[in-house]
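These notes concern the structure reproduced below.
Bear in mind that the values in this text are calculations on the coordinates, not laboratory data. Note that the coordinates shown come from a computational prediction; the quantities given were computed from them, not determined experimentally. All Cβ positions, even for glycine, are placed from backbone atoms using ideal geometry, and neighbour counts span all protein chains on display.
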Amino acid sequence: MPRRAVGSCAERLSTPTAFSGRRWRWRWPAARSWPGCCAPPASRSSRHGSASPGSSCSCPCWRPSCGCGGGAGSALRARAPARTGNRGDVVMAEEQALTKRSQDFSAWYNEVVLRAELADYSPVRGSMVIRPYGYGIWENMQRALDEMFKATGHQNAYFPLLIPQSFIAREAEHVEGFAKEMAIVTHTRLKAGPGGGLEPDPDSKLEEPLIVRPTSETIIYAMFAKWVQSYRDLPLLINQWANVVRWEMRTRLFLRTAEFLWQEGHTAHASEVEAEEEARRMLGVYRQFMDQWMAMPPLTGLKSESEKFPGAVRTYAVEALMQDNRGLQSGTTHMLGQNFSRQFDLKFQSESGVEEYAWNTSWGVSTRLVGGLVMTHGDDAGIVLPPNLAPIQVVIVPIYRGDDERAGVLEKAHWAANVLRAEQVRVHVDDRPTATPGAKYYDWERKGVPLRVEIGPRDVAKQQLMVVLRTEAAGLSRKEAMGEAVAVMTIPKRLGEYQRALFQAALRRREQNSHRGVTDYGAFREIIEGAGGFVYAGWCGGRDCEEKVKADTKATIRLLPLQEFRSSPAPTRCLVCGGQAQGEAVWARAY
RNA sequence: CGGGGCGUGGCGCAGCCCGGUAGCGCGCCUGCUUUGGGAGCAGGAGGUCCUCGGUUCAAAUCCGAGCGCCCCGACCA
């Protein structure tokens, strides 16, 4: 049984107050200045040819891991065995290093998620366990988003997990969209079967099967119908934090699992214009969240007809570009029109006394965002977390020889931790006696902690601290010895600068891998089948052209970009058929 | 749902072809020495070899069936 020491990790989850007030007006969380330019995080793989196994940790926030990343399946198993050499440390280094992103991005992703202890495979096919460190990131996301939802007038509520099958069936397009991936509850009891095992008791068969929600439009609008009589009851602005199940055949940690956590907002409005505004407003909220908290700048736009939510009139999306140049749909907002209100009799009496169907919207983001975070910022040493979402923003590593040095160093470490906590910084002192400082560096780098403070006897003597950022960041020195008083007082500012540097790096990477003005289909295929990235090109609006691209290249229309992202001049011809372009589309291979 | 791979201490693997005492590395426990980039030595704990059936004096190993997981495709947040 691994030891669970008590103690040192009383990190307070401070919430950087980013939200300045009413109606989604924002300022940058810790922003004072905004560096104009910034290089992408340089790969430091040469200096990090190795990485350490998770080892026991005195932090009560999560349990020590096994040495290799938990229930690793073949993601880890598949790796080449370490070369045996004369020097044990070479073997160890190779064994413990992550697969490099350039070698196999998807193996890297799996390993880094497992070994940073974000998640683990569960015994249930297609389902994962979100471990405390990964859940801590999600909690920080929830906290930020929830504040934004509240500030835009929404209230949280909770609706049932199980939905009558007939509800799902009511909206034709909606059923069709989800029918193939639903978990169905048909019985309420088990009994001993002939073989000695358990089987559903036939006597307990439900008259009407229940569906485990793949999304909650149907049950929520059925309830809205009870609650809304008059235009005075509108708008009705509700959000719920929940789990949903979509029976996927193929799964990937965080990106695609049978069950996932998300929030789903559902609103009812008196007019189409209002509903449209709401869908766009929440798209803006998602975008701001991704920019300011995740440092993962997305494009915003409209989904094509074939990619829109089943049952929606139109779907908007935020789409980010991952390091392997594939797109990640990170959130969607839907203008549902009156499609659901007609089916669920969600009517209200208007100001002029006429009975009308309400206009709905729905919008959601999920734990998929955690995967996006990993694929946006991670490097060959591990994940890289933006300070605003990092469960631990600063880790302090004490360095000492023998008991006499230990007391002084630890005292200084806790002093620094307390000063930082008073500044609302989430700090952890890694005082594990069993690991060497070097091992701790690797551990916390793999876990993406933004800033490390090293304190050794020499630092104590000189009243200084070594302050080390997780990655190179433009305009910020990665490693620096600073006077202790200055160090602790400037760390919050440094975290803010680092947050913005990560954003700039991600933005720059996205733009460097975006291709505009592509008119030739052959050139398009070369990009998609080569390095990948976002390709902006004209589209006639035809389903056939969309299908052809997908069949040829596996790329899809990620979105039809909103004004801000459109090219100038606008493309005039369809990339595929050469016909009159109806607009511009952004194409990419996607997750 | 199609194709592939793999099931052996917590994790990664070897052993299987050619049946005969279950092994290695990492991790874990104890002790001592260590600690400025993955510590060393000594001792120790830990295994229904996925399940069921068959062949055999004898099965991790051979044969049959089943189950599970992962990867690649089609579908999706």
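Data overview
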read-out: Rounded to 5, the percent of DSSP beta bridges in the range A:385-512 classed as antiparallel; value: 55
read-out: R0 of 41 Å, Cβ-Cβ distance residue A:434-residue A:351: FRET efficiency to nearest 0.05; value: 0.05
read-out: Estimated FRET transfer efficiency (residue A:172, residue A:272; beta-carbon r; R0 22 Å; 0.05); value: 0.60
read-out: Per-residue ³J(HN,Hα) for the range A:366-376, Karplus 6.51 cos²θ - 1.76 cosθ + 1.60, θ = phi - 60°, Hz, x for Gly and Pro; value: 10, 4, 4, 4, 5, x, x, 4, 4, 7, 7
read-out: In nm, spacing of pseudo-spin labels at residue A:150 and residue A:544 (7 Å Cα→C-beta vector); value: 5.4
read-out: Rounded to whole Hz, the Karplus (6.51, -1.76, 1.60) HN-Hα couplings of the range A:154-166, x for glycine and proline; value: 8, 10, 8, 8, 9, 10, x, 5, 9, 10, x, 4, 5
read-out: Residues A:221, A:158, sorted so that the one with the fewest Cβ neighbours within 10 Å comes first; value: A:158, A:221
read-out: Pairwise Cα inverse-distance average, inverted: Kirkwood Rh of the range A:514-588 (Å); value: 11.8
read-out: Inter-site label distance for residue A:161 and residue A:421 at 7 Å from Cα along Cβ, in nm; value: 3.6
read-out: Entries in A:308/A:347; A:150/A:440; A:440/A:462; A:493/A:554; A:308/A:447; A:191/A:308 that, when Cα-Cα distance is taken, lie over 32 Å; value: A:150/A:440; A:493/A:554; A:308/A:447; A:191/A:308
read-out: Proxy reagent accessibility, fewest Cβ within 10 Å first, across A:488, A:419, A:397, A:273; value: A:273, A:419, A:488, A:397
read-out: Residues whose placed amide H lies under 5 Å from that of residue A:429, excluding near-sequence neighbours; value: A:396
read-out: Mean Cβ neighbour count within 10 Å, used as a protection proxy, ranking A:384-393, A:426-435, A:180-189, A:465-474 highest first; value: A:384-393, A:465-474, A:426-435, A:180-189
read-out: Under 5 Å, built H, 5+ apart or other chain: amide partners of residue A:541; value: A:582
read-out: Nonlocal amide H pairs with residue A:256, under 5 Å, H built at 1.01 Å; value: none
read-out: Set of aspartates and glutamates near residue A:548 by C-alpha distance (under 18 Å), chain-local residues within fewer than 8 positions excluded; value: A:305, A:307, A:520, A:526, A:529, A:584
read-out: Whole-Hz ³J(HN,Hα) from phi, Karplus 6.51 cos²θ - 1.76 cosθ + 1.60, for the range A:491-503, glycine and proline x; value: 4, x, 5, 4, 4, x, 5, 5, 3, 5, 5, 5, 4
